[in-house]
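Starting off with a structure, shown below.
The values are calculated or read from the model by the stated rules, or taken from the named source; none is laboratory data. Just so it is clear, the structure is predicted and the values come from calculations on it, not from any experiment. Note that we place each Cβ from the backbone using ideal geometry, even for glycine, and neighbour counts take in every protein chain shown.
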Amino acid sequence: MRRASHYEELGEEALAACRERSAGHWLGLTSLCGQYAEFLGFEDRR
């Protein structure tokens with residue numbers, strides 16, 4: 001889930017800079033990573 005958090009940060013930065021197309025790309029990847037991690041049952045180990 002760390003990867004999804006990183007993508008979310010990139011998406012938020014792109015939104016703040018009014019780069020909507022880039023933001024959509026990063027936030028879409030965030031969603032995919034999160035769903036895939038839940039499907040496989042990964043746990044974030046720290």
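Please find, among Glu20, Glu9, Glu13, the residue that is at pLDDT 90 or above, within 10 Å of the chain's Cα centre (by Cα) and charged (D, E, K, R).
On the way: Glu20 fails: within 10 Å of the chain's Cα centre (by Cα); Glu13 fails: within 10 Å of the chain's Cα centre (by Cα).
Testing whether each residue is at pLDDT 90 or above, within 10 Å of the chain's Cα centre (by Cα) and charged (D, E, K, R) leaves just Glu9.
Pull out all pairs, ordered by first then second residue, where Cβ-Cβ is under 7 Å, the residues are six or more apart or on different chains, the first lies in segment 17-32 and is surrounded by 13 or more Cβ atoms within 10 Å (Cβ to Cβ) and among the small types (Gly, Ala, Ser), and the second is assigned to a helix (DSSP H, G or I) and at pLDDT below 95.
Ser22/Ala14; Ala23/Gly11; Ala23/Ala14; Ala23/Leu15
Only one of (1) of a type in the set (A, V, I, L, M, F, W, C); (2) modelled with pLDDT under 90; (3) in a helix (DSSP H, G or I) fails for Phe42. Which number is that?
Answer for Phe42: the failing condition is (3).
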